[in-house]
Amino acid sequence: MRIGWRDQAFQSLNGVGLGLLGMATCFPIYYVLVVSLADPAEFAQKRWLLWPEHWSFEAYRYLLSTDAFLRSVGNSAFLATVGTALSLIVTAMLAYPLSRRRMRGRRKVLLFVLVTILFSPGLIPAYMLVRQLGLIDSIWALIIPSLSNGWSVLLMKSFFESIPADLDESAAMDGANEVRIWFSVILPLSLPALAAFGLFYAVGYWNQFFSALIYLNDSTKWPIQVLLQNMLLSANNAALDAYDVSAAPPPSEMLKMAAVIVATVPIVLVYPFLQKHFAKGAMVGSIKG
């Protein structure tokens with residue numbers, strides 16, 4: 001089939017437009033990376049760099065030598081690992097019984113889950129609950145209230161429903177109880193869903209910001225996003241309290257750019273390890289049969 005000149009012109013314009021849009025999207029990331037790797041003396045002179053003449057890791061070396069920054073990275077890593085693991089366990093343990101009709105009171109529990117989706121308690125009741133639990137100024141205040149949510153439970157439930165119930169019955173006939181069936185039969189078949197939800201949970205915990213501002217008063221318990229916000233709003237390096245005073249610090253703009261990269265790279269590196277299962281898991285609940 002011959003393509004007319006109008007179609008060719010449209011495809012050309014479409015390609016140029018998408019290319020420009022892609023460049024506009026990637027340029028801020030490129031600029032942040034370039035500034036973070038520039039030589040401090042060169043950046044102090046030019047203040048605007050697209051390709052430095054000299055490259056340097058001084059901003060990263062200086063940043064990673066501070067107690068405050070390393071502590072905040074450790075807090076975020078704790079949230080992303082422990083929080084994700086607990087959220088996956090809670091979500092899967094609640095979704096699996098709801099996917100099996102033999103569970104008593106299944107409809108009532110499912111109704112409670114739906115109510116949490118339709119009606120949100122709001123910020124003040126959530127804060128009062130956290131305070132009554134004694135979690136104010138505790139890093140667990142960022143994990144326990146966020147262990148699961150209604151949407152995740154329903155989507156995971158749909159995935160479990162796609163696993164034939166005959167497998168449960170076969171395992172039960174072989175003498176396996178419900179716990180053994182869940183661990184030995186259901187979870188191994190649920191790796192795509194667990195990988196997808198694990199990535200979503202990990203990103204959410206790593207990017208914890210607003211809840212940390214509300215519940216955490218101790219700066220030593222701040223995750224990386226809160227410290228980064230303080231750095232970006234600060235005109236100097238006051239957000240970092242433990243610099244090595246034996247050397248002059250790089251310009252504050254370079255430290256901010258380096259902090260953005262450090263806060264972004266870890267969660268980006270997680271995706272390649274989950275990509276094998278993520279494509280299937282992203283379609284959780286969309287296809288049955």
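Of Leu167, Leu142, Leu111, all but one fail to be on the phi < 0 side of the Ramachandran plot, open to solvent by less than 90 Å² (accessible area, probe 1.4 Å) and at pLDDT 85 or above; the exception is Leu142. The single residue among Ser184, Ser148 that is among the polar types (S, T, N, Q), in a loop (DSSP other than H, G, I, E, B) and in the same structural domain as Lys221 (by TED's automatic domain parsing) turns out to be Ser148. Would you confirm whether or not the range 18-37 contains a residue that is open to solvent by less than 40 Å² (accessible area, probe 1.4 Å), touching a residue at least 60 places away in the same chain (Cβ under 8 Å) and outside any helix (DSSP H, G or I)? No, because not a single residue in the range 18-37 is open to solvent by less than 40 Å² (accessible area, probe 1.4 Å), touching a residue at least 60 places away in the same chain (Cβ under 8 Å) and outside any helix (DSSP H, G or I). Just to be sure I understand, how many residues within the range 145-164 are open to solvent by 40 Å² or more (accessible area, probe 1.4 Å) and over 20 Å from the mean Cα position of the chain (by Cα)? Here the count works out to 2. Scanning the range 117-129 for any residue that is part of a helix (DSSP H, G or I), within 28 Å of Leu189 (Cα to Cα) and either touching a residue at least 12 places away in the same chain (Cβ under 8 Å) or not assigned by TED's automatic domain parsing to the domain that holds Thr84 (or both) turns up at least one such residue.
Are any of the residues in the range 88-108 in contact with a Lys or Arg (Cβ under 6 Å, 6 or more places away or on another chain) and of a type outside the set (Ser, Thr, Tyr)? So far as the range 88-108 goes, yes, one or more of its residues are in contact with a Lys or Arg (Cβ under 6 Å, 6 or more places away or on another chain) and of a type outside the set (Ser, Thr, Tyr). Each residue in the range 187-233 was checked for being assigned to a helix (DSSP H, G or I) and under 13 Å from the mean Cα position of the chain (by Cα), and 14 of them qualify. Of all residues in the range 45-84, exactly one satisfies the criterion of being in a helix (DSSP H, G or I), open to solvent by 50 Å² or more (accessible area, probe 1.4 Å) and among the aliphatic types (A, V, I, L, M), namely Leu70. Taken over the range 119-168, residues that are in contact with a Ser or Thr (Cβ under 6 Å, 6 or more places away or on another chain) and small (Gly, Ala, Ser) amount to 3.
Ser252 fulfils the conditions (1) among the polar types (S, T, N, Q); (2) modelled with pLDDT under 85; (3) open to solvent by 50 Å² or more (accessible area, probe 1.4 Å) except for a single criterion, (3).
In the range 262-284, the count of residues that are modelled with pLDDT of 85 or more and in a loop (DSSP other than H, G, I, E, B) is zero. Counting the residues of the range 177-196 that are open to solvent by 30 Å² or more (accessible area, probe 1.4 Å), over 16 Å from Glu161 (Cα atoms) and touching a helix residue (DSSP H, G or I) at 6+ places or on another chain (Cβ under 8 Å) gives 2. Met103 satisfies every condition listed in (1) over 30 Å from Ser72 (Cα atoms); (2) touching a residue at least 24 places away in the same chain (Cβ under 8 Å); (3) part of a loop (DSSP other than H, G, I, E, B); (4) not acidic (Asp, Glu) except (2). Does Thr91 satisfy being open to solvent by 40 Å² or more (accessible area, probe 1.4 Å), out of contact with any Asp or Glu (no Cβ under 7 Å at 6 or more places or on another chain), assigned to a helix (DSSP H, G or I) and closer than 21 Å to Ala141 by Cβ? In short, no. The residues in the range 210-221 that are surrounded by fewer than 16 Cβ atoms within 10 Å (Cβ to Cβ) and either over 12 Å from Ser146 (Cβ atoms) or not assigned by TED's automatic domain parsing to the domain that holds Trp140 (or both) can be counted, and the count is 6.
The values are calculated or read from the model by the stated rules, or taken from the named source; none is laboratory data. All values reported here derive from a predicted model rather than from experimental measurement. Virtual Cβ from ideal backbone geometry, glycine too; neighbours counted across all protein chains shown. Heavy atoms of the whole protein, side chains included, go into the accessibility calculation; ligands, DNA and RNA do not. Shrake-Rupley method; radii C 1.70, N 1.55, O 1.52, S 1.80 Å.
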